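Read the structure below first, then the notes.
The values are calculated or read from the model by the stated rules, or taken from the named source; none is laboratory data. In this text the structure is predicted, and so the values were computed from the model without any measurement. Neighbour counts run over all protein chains shown; Cβ positions are idealised from the backbone, glycine included. These accessible areas exclude ligands, DNA and RNA; they are computed on the full protein's heavy atoms, side chains included. Shrake-Rupley method; radii C 1.70, N 1.55, O 1.52, S 1.80 Å.
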Number of protein chains: 2
Amino acid sequence: MTPYRVSVHIVPRKGLLDPQGKAVTDALHTLGFAAVGDVHVGRHLVIETGAADATAAERSVRDMCARLLANPVTEDFEIAAVVAA
Amino acid sequence: MTPYRVSVHIVPRKGLLDPQGKAVTDALHTLGFAAVGDVHVGRHLVIETGAADATAAERSVRDMCARLLANPVTEDFEIAAVVAA
(Lines give C-alpha, C1' and ligand atoms only; values in the text may rest on other atoms or scores of the structure.)
Protein backbone atom coordinates (compact mmCIF):
# COMPACT_ATOMS: atom_id res chain seq x y z
CA MET A 1 0.00 0.00 0.00
CA THR A 2 1.51 3.26 -1.14
CA PRO A 3 0.04 6.51 0.21
CA TYR A 4 -1.55 8.68 -2.47
CA ARG A 5 -3.04 12.15 -2.39
CA VAL A 6 -5.98 12.45 -4.78
CA SER A 7 -7.55 15.83 -5.66
CA VAL A 8 -11.17 15.91 -6.77
CA HIS A 9 -13.34 18.72 -8.14
CA ILE A 10 -17.07 18.43 -7.57
CA VAL A 11 -19.03 21.02 -9.54
CA PRO A 12 -22.70 21.75 -10.24
CA ARG A 13 -23.87 20.15 -13.51
CA LYS A 14 -23.76 22.43 -16.52
CA GLY A 15 -27.15 23.96 -17.18
CA LEU A 16 -28.31 23.63 -13.59
CA LEU A 17 -28.91 26.76 -11.57
CA ASP A 18 -25.84 27.71 -9.49
CA PRO A 19 -27.20 30.24 -6.99
CA GLN A 20 -23.93 30.42 -5.04
CA GLY A 21 -22.01 31.26 -8.20
CA LYS A 22 -24.59 33.91 -9.12
CA ALA A 23 -24.26 35.46 -5.65
CA VAL A 24 -20.47 35.61 -6.00
CA THR A 25 -20.76 37.21 -9.45
CA ASP A 26 -23.08 39.90 -8.10
CA ALA A 27 -20.83 40.56 -5.11
CA LEU A 28 -17.76 40.90 -7.37
CA HIS A 29 -19.63 43.35 -9.62
CA THR A 30 -20.58 45.38 -6.54
CA LEU A 31 -16.90 45.45 -5.51
CA GLY A 32 -16.00 46.92 -8.91
CA PHE A 33 -14.80 43.82 -10.79
CA ALA A 34 -16.92 44.69 -13.83
CA ALA A 35 -15.11 42.29 -16.21
CA VAL A 36 -16.32 39.20 -14.31
CA GLY A 37 -18.77 36.96 -16.18
CA ASP A 38 -20.05 33.69 -14.79
CA VAL A 39 -18.65 32.18 -11.61
CA HIS A 40 -19.05 28.49 -10.76
CA VAL A 41 -18.64 27.37 -7.18
CA GLY A 42 -17.90 23.75 -6.40
CA ARG A 43 -15.95 21.72 -3.88
CA HIS A 44 -12.29 20.81 -3.89
CA LEU A 45 -11.42 17.67 -1.93
CA VAL A 46 -7.99 16.27 -1.19
CA ILE A 47 -8.21 12.65 -0.10
CA GLU A 48 -5.23 10.80 1.34
CA THR A 49 -5.61 7.11 0.74
CA GLY A 50 -3.47 3.98 0.51
CA ALA A 51 -3.56 1.93 -2.68
CA ALA A 52 -1.45 -0.56 -4.62
CA ASP A 53 -0.82 1.93 -7.45
CA ALA A 54 -2.10 5.24 -8.85
CA THR A 55 -4.77 3.55 -10.99
CA ALA A 56 -6.19 1.74 -7.96
CA ALA A 57 -6.16 4.99 -5.95
CA GLU A 58 -8.09 6.82 -8.67
CA ARG A 59 -10.60 3.95 -9.01
CA SER A 60 -11.14 3.93 -5.25
CA VAL A 61 -11.75 7.70 -5.15
CA ARG A 62 -14.18 7.49 -8.11
CA ASP A 63 -16.09 4.91 -6.09
CA MET A 64 -16.12 7.27 -3.05
CA CYS A 65 -17.47 10.10 -5.21
CA ALA A 66 -20.22 7.92 -6.66
CA ARG A 67 -21.26 6.53 -3.28
CA LEU A 68 -20.88 9.51 -0.94
CA LEU A 69 -19.16 12.67 -2.07
CA ALA A 70 -21.03 13.84 -5.18
CA ASN A 71 -24.77 14.08 -5.71
CA PRO A 72 -25.29 12.28 -9.04
CA VAL A 73 -28.45 14.27 -9.79
CA THR A 74 -26.95 17.73 -9.50
CA GLU A 75 -23.16 17.40 -9.54
CA ASP A 76 -20.31 16.20 -11.74
CA PHE A 77 -16.92 15.20 -10.42
CA GLU A 78 -13.50 14.92 -11.96
CA ILE A 79 -10.23 13.59 -10.61
CA ALA A 80 -7.84 16.53 -10.87
CA ALA A 81 -4.61 14.85 -9.73
CA VAL A 82 -3.24 11.64 -8.23
CA VAL A 83 0.18 12.06 -6.62
CA ALA A 84 2.20 9.78 -4.36
CA ALA A 85 2.18 11.39 -0.91
CA MET B 1 -10.01 42.33 -23.30
CA THR B 2 -9.61 38.57 -23.80
CA PRO B 3 -11.93 36.23 -21.91
CA TYR B 4 -10.12 34.00 -19.41
CA ARG B 5 -11.28 31.17 -17.22
CA VAL B 6 -9.43 31.12 -13.91
CA SER B 7 -9.65 28.16 -11.50
CA VAL B 8 -9.02 28.79 -7.81
CA HIS B 9 -8.70 26.41 -4.86
CA ILE B 10 -9.60 27.79 -1.45
CA VAL B 11 -8.62 25.43 1.36
CA PRO B 12 -8.55 25.55 5.16
CA ARG B 13 -5.13 26.61 6.47
CA LYS B 14 -2.83 23.77 7.43
CA GLY B 15 -3.00 23.08 11.16
CA LEU B 16 -6.48 24.50 11.57
CA LEU B 17 -9.33 22.20 12.49
CA ASP B 18 -11.21 20.97 9.40
CA PRO B 19 -14.44 19.52 10.84
CA GLN B 20 -15.98 18.94 7.40
CA GLY B 21 -12.95 16.92 6.30
CA LYS B 22 -13.07 14.92 9.53
CA ALA B 23 -16.77 14.15 8.96
CA VAL B 24 -16.04 12.95 5.42
CA THR B 25 -13.18 10.73 6.67
CA ASP B 26 -15.46 9.13 9.27
CA ALA B 27 -18.24 8.58 6.71
CA LEU B 28 -15.80 6.95 4.25
CA HIS B 29 -14.51 4.63 7.00
CA THR B 30 -18.11 3.67 7.81
CA LEU B 31 -18.68 2.85 4.12
CA GLY B 32 -15.71 0.49 4.19
CA PHE B 33 -12.95 2.66 2.69
CA ALA B 34 -10.52 1.69 5.45
CA ALA B 35 -7.40 2.95 3.63
CA VAL B 36 -8.53 6.59 3.74
CA GLY B 37 -6.44 8.91 5.90
CA ASP B 38 -7.04 12.64 6.15
CA VAL B 39 -9.54 14.41 3.91
CA HIS B 40 -9.43 18.16 3.30
CA VAL B 41 -12.51 19.93 2.01
CA GLY B 42 -12.21 23.29 0.34
CA ARG B 43 -13.87 25.26 -2.43
CA HIS B 44 -13.19 25.14 -6.16
CA LEU B 45 -14.15 28.30 -8.04
CA VAL B 46 -14.09 28.87 -11.77
CA ILE B 47 -14.20 32.58 -12.57
CA GLU B 48 -14.76 33.86 -16.10
CA THR B 49 -13.24 37.28 -16.45
CA GLY B 50 -11.96 39.58 -19.15
CA ALA B 51 -8.37 40.82 -18.98
CA ALA B 52 -5.61 42.14 -21.21
CA ASP B 53 -3.48 39.01 -20.74
CA ALA B 54 -3.16 35.93 -18.53
CA THR B 55 -0.98 37.72 -15.98
CA ALA B 56 -3.57 40.49 -15.57
CA ALA B 57 -6.34 37.88 -15.23
CA GLU B 58 -4.44 36.07 -12.48
CA ARG B 59 -3.65 39.33 -10.66
CA SER B 60 -7.31 40.35 -10.81
CA VAL B 61 -8.47 36.99 -9.39
CA ARG B 62 -5.87 37.17 -6.59
CA ASP B 63 -7.34 40.55 -5.70
CA MET B 64 -10.88 39.04 -5.68
CA CYS B 65 -9.70 36.24 -3.37
CA ALA B 66 -8.07 38.68 -0.96
CA ARG B 67 -11.06 41.02 -0.89
CA LEU B 68 -14.03 38.66 -0.99
CA LEU B 69 -13.57 34.98 -1.73
CA ALA B 70 -11.13 33.69 0.88
CA ASN B 71 -11.12 34.31 4.61
CA PRO B 72 -7.51 35.40 5.29
CA VAL B 73 -7.67 34.18 8.90
CA THR B 74 -8.68 30.60 8.19
CA GLU B 75 -8.12 29.92 4.50
CA ASP B 76 -5.37 29.78 1.89
CA PHE B 77 -5.99 30.14 -1.82
CA GLU B 78 -4.04 29.14 -4.88
CA ILE B 79 -4.62 29.83 -8.56
CA ALA B 80 -4.87 26.38 -10.13
CA ALA B 81 -5.15 27.38 -13.80
CA VAL B 82 -5.56 30.37 -16.11
CA VAL B 83 -6.83 29.44 -19.58
CA ALA B 84 -8.15 31.56 -22.44
CA ALA B 85 -11.89 30.82 -22.66
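Structure above, values below:
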item: When residues of the range A:26-70 are limited to those that are in contact with a His (Cβ under 9 Å, 6 or more places away or on another chain) and open to solvent by 60 Å² or more (accessible area, probe 1.4 Å), the one farthest from the other protein chains (Cβ to nearest Cβ); result: A:R43
item: The range B:1-10 - residue that is within 18 Å of the chain's Cα centre (by Cα) and more than 7 Å from chain A (Cβ to nearest Cβ) and, of those, nearest to B:E75 (Cα to Cα); result: B:I10
item: Test: B:A80 is within 11 Å of chain A (Cβ to nearest Cβ), touching a residue at least 60 places away in the same chain (Cβ under 8 Å), hydrophobic (A, V, I, L, M, F, W, C) and farther than 28 Å from A:E48 by Cα; result: no
item: Selection within the range B:3-60 - farther than 24 Å from A:A84 by Cβ and among the β-branched types (V, I, T); result: B:V6, B:V8, B:I10, B:T30, B:V46, B:I47, B:T49, B:T55
item: Residue satisfying all of: in the range A:1-22; in contact with a strand residue (DSSP E or B) (Cβ under 6 Å, 6 or more places away or on another chain), open to solvent by 40 Å² or more (accessible area, probe 1.4 Å) and of a type in the set (A, V, I, L, M); nearest to A:A70 (Cα to Cα) among these; result: A:V11
item: Filter result for the condition that a residue is touching a residue at least 60 places away in the same chain (Cβ under 8 Å) and closer than 30 Å to A:G37 by Cβ, over B:A54, B:A70, B:A66; result: B:A70
item: Qualifying positions in the range B:73-85 - more than 13 Å from the chain's Cα centre (by Cα) and open to solvent by 50 Å² or more (accessible area, probe 1.4 Å); result: B:V73, B:V83, B:A84, B:A85
